[in-house]
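Below you'll find the structure, written out as C-alpha cells, and then a few comments.
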C-alpha cells in the first residue's frame, strides 16, 4: 500500500535486549497510515519492520535470545521470562516459533536406531471407568550410521509397534526406502513395527542388551543359590555376594590376581558349580558377541555357547540360550555389519538430562519440543553424539 495520509502517531513501547546489565525500552512513534483506496477492506495500516513484527512488543533479537536461553541450558521458561521482564506465555511463544525454525525434517539414513526412555513416572489416574495406570514413554529415532554424524531424527510418544509404525509412516517414501538396517533392543513390539513399516529393512539387535541379559542370568543364579543354601538373601559375609561385581566384569578385563580371587570365591561359595557354569555361559556369550565378521568363527562360538548352556542345565541359562536362539537372525546382522545402538543410548542420556532439569513435563508436546530444540542448539548437525 502506498499513501501519504497519516491517521495517527501512537507511542509504542518495545522491549529489547539489555545493555550493560540494564533493561532497554524502545519508544517508537509508529505512524498509522490511512489507505486512499475506498474499496480497501483494511482502511488503515501501520509501519512495520523485520526487527519488530506487527503487533509485537518485543524485538526479533530479544525473542531469539529468549528461546536460546531456555533450550541451551535447559532453564525453566518462568526463570528466563523473569530475567528479561516478559510474561511466561511470551517466552514460551518465542520458544515455539524458534523451535519450528531449528527443527528440519528428518534426513534419510542407512542405519536407524530405535530405543525408548521414560517420559514420566508411573501414576494412577481416576477416570469414569475406574483407575487407569499411566506409564508414558518416548521412543527415540536416531541416525545410527557411524559413517556420518549422529542426529536425533525424531521422538514419538509410546514404546509399541504401533508407535514405530506410525512415526515411520509419517516420513517420506525416500526416507523409508533408504533405511537398510534398524537397530533395536530385544523388543518384539519394536520388531513388529519395523517389519510392518519397513518390510525390506534388516533388523539388528544391540549387543549391550544381550550382555546385560547374560549378567542378569548370573545374578539370578547367585541369588537362587543364596536362598537355597542359607534361606536368606546374600550378605557381606558370603564371598559370592561380596564379589558380585567381579562376577559381572568381563573375564578378559580381569587381572591375574582378580581371576585367582574369583576362582577361590567359586571354590568356597559354589559347591554345586552352578554359579561357575552360569559365569562360563555369560563369558561365552560375550565372546560370541565379540566375534569377527567371519561366519565360520561366529558359528563355532555359537556352538560353544549352546553346548555350555545345555551342559549347565539351569532355568536361567536355558532361558538365556532360548532368547539368543529367538533373536539369532537379528544378532547375526549385528555381528556381520558391526552395527550398534550406542548413538541412540547417547541421545537417551541427553533426553534424561533435559527431563531432570525440567523436573518433569506435563505436556508431552512441550517435552518433545524441549528435547529436540536443546539437541539442535547444543549439537548442531555435523557433530557426533
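Points to keep in mind about this one:
- Unmet requirement for residue 208, which otherwise passes all of (1) at pLDDT below 95; (2) surrounded by 15 or more Cβ atoms within 10 Å (Cβ to Cβ); (3) in contact with a helix residue (DSSP H, G or I) (Cβ under 8 Å, 6 or more places away or on another chain): (2)
- Filter pass, residue 196 being in contact with a helix residue (DSSP H, G or I) (Cβ under 7 Å, 6 or more places away or on another chain), assigned by TED's automatic domain parsing to the domain that holds residue 123 and outside any strand (DSSP E or B): yes
- Hey, residue 319 in a loop (DSSP other than H, G, I, E, B) and farther than 13 Å from residue 207 by Cα or not: no
- All positions within the range 336-356 that are under 8 Å from the mean Cα position of the chain (by Cα) and surrounded by 15 or more Cβ atoms within 10 Å (Cβ to Cβ): 344, 345, 346, 347, 348, 350, 351
- Looking at the range 98-189, the strands (runs of 3 or more DSSP E) lying wholly inside it that each contain 3 or more residues that are under 25 Å from residue 334 (Cα atoms) and in the same structural domain as residue 373 (by TED's automatic domain parsing) sit at 111-118, 137-143, 151-157, 181-184.
- Search result, residues across the range 46-68 that are touching a helix residue (DSSP H, G or I) at 6+ places or on another chain (Cβ under 6 Å) and in a loop (DSSP other than H, G, I, E, B): 51
- Breaking point among (1) without any contact (Cβ under 8 Å) to a residue 40 or more places away in the chain; (2) outside any loop (DSSP other than H, G, I, E, B), for residue 368: (1)
- All positions within the range 341-371 that are touching a strand residue (DSSP E or B) at 6+ places or on another chain (Cβ under 7 Å) and either under 18 Å from residue 109 (Cα atoms) or modelled with pLDDT of 85 or more (or both): 341, 343, 344, 345, 347, 348, 351, 352, 368, 371
- Residue in the range 152-169 that is free of Cβ contacts under 8 Å to residues at least 24 places away in the same chain, within 15 Å of the chain's Cα centre (by Cα) and on the phi > 0 side of the Ramachandran plot present: yes
The values are calculated or read from the model by the stated rules, or taken from the named source; none is laboratory data. Everything numeric here is computed off the predicted structure, so don't read it as measured data. In this analysis, Cβ positions are derived from the backbone assuming ideal geometry, glycine residues included, and neighbour counts consider all displayed protein chains.
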